[in-house]
Amino acid sequence: ISSRIVCTHFAREDPMEYADMNGKNSASILVKIPGSLFEIARNLCFQLNSEEEAHTEDISTMAIKNLSWVIRIMNSHPSLCYKSSTDDELAEDQVDVDEEDDDEYLATKTNDLKPVTWLMKRLSNIAKKRGILRREAIFKCFAAFASSCDVELISSHLHLMLEPLNRVLSENEDKTERSFNKRKPANSNVSSVCDLPKDVMQLLEDVCGTEVFMDALALVKSSARQKREARKQDLAAEAIRNPEAAAQRKLAKQEQNKKRRKR
């Protein structure tokens with residue numbers, strides 16, 4: 001219900017009109033209640049970060065539509081994300097973050113993390129977690145951004161969108177390779193899961209240009225390889241330093257894989 005109310009409110013306003021708005025002459029809640037823009041964006045991210053069983057197409061579509069409007073205001077009028085013109089911190093510093101680089105979400109006017117970058121990083125981290133419906137919603141959100149936002153905004157945040165897209169393709173390539181090595185037939189779901197990421201990546205390439213896209217993708221792939229190698233080295237070192245903990249980790253991973261296969 002709240003998403004529909006927000007969508008109805010946004011439908012009556014043009015993001016371009018906010019250049020002439022202020023607290024006295026605007027009826028918009030975004031101007032009258034400082035920081036409400038950030039609160040709305042944060043709550044929309046909560047919706048897209050729901051567990052698989054809680055995801056519905058209607059809710060995701062509404063959240064994506066609202067975020068496509070919100071991000072343009074965030075980009076053109078970042079001050080609306082703050083409690084007041086003198087505040088350094090975003091409207092709420094207790095943001096829901098459970099991924100790497102959590103501290104970076106505490107965006108302030110004095111650092112380099114702008115509200116749009118906070119939103120892009122939040123969505124990127126949400127899509128890094130496993131969950132077909134969750135990832136599909138975020139990828140559709142990226143596609144909506146690419147279709148409605150300025151090229152400069154998309155290009156400057158291209159790596160954040162490519163990270164989870166590349167991760168999904170890499171994960172499914174690994175699954176296909178393991179099936180081939182075990183002489184098992186490839187899972188038909190693997191190719192279908194890859195269709196949307198590939199389509200979104202093609203759209204991003206069309207919007208940003210091939211050279212910009214390929215440079216960003218190369219950096220993302222290089223970073224992913226470095227992280228994988230670092231994790232392997234850490235696990236190898238743990239196996240030598242603390243074999244009991246390494247064995248427990250291995251058992252926990254096997255149990256997790258069993259539960260995933262049952263689902």
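The values are calculated or read from the model by the stated rules, or taken from the named source; none is laboratory data. Bear in mind the structure is a predicted one, so any value in this text is a computation, not a measurement. Positions of Cβ are generated from backbone atoms using ideal geometry, with glycine treated the same way; all protein chains shown enter the neighbour counts. With ligands, DNA and RNA removed, areas are computed over all heavy atoms of the protein, side chains included. Shrake-Rupley method; radii C 1.70, N 1.55, O 1.52, S 1.80 Å.
A probe of 1.4 angstrom, applied to the heavy atoms of all protein chains, finds Ile33 with accessible area near 90 square angstrom. First select every other residue whose beta carbon is under 12 angstrom from the beta carbon of Glu244; then total the charges, Lys and Arg +1, Asp and Glu -1. For residues surrounding Glu244, the net value is +2. Only protein heavy atoms count here; on that basis, with a 1.4 Å probe, Asp206 has an accessible area of about 110 Å².
Rounded to 0.05, the FRET efficiency of the Ile29 and Ala236 pair, given R0 = 51 Å and the Cβ-Cβ distance, is 0.40. Computed from the C-beta positions of Glu255 and Leu203, the FRET efficiency with R₀ = 30 Å rounds to 0.20.
If you add up the charges near Asp206, with Lys and Arg at +1 and Asp and Glu at -1, over every other residue whose beta carbon is less than 14 angstrom from its beta carbon, what do you get?
On the way: positive: Lys198; negative: Asp199, Glu205, Glu211.
So the environment of Asp206 carries a net charge of -2.
Ordered by 1.4 Å accessible area with all protein chains kept, Ser222, Ser79 run largest first as Ser79, Ser222. For the peptides 56-65, 134-143, the ranking by mean Cβ contacts within 10 Å, running from highest to lowest, is 134-143, 56-65. Take the Cβ atoms of Lys83 and Thr56, set R0 to 25 Å, and the FRET efficiency comes out at 0.15.
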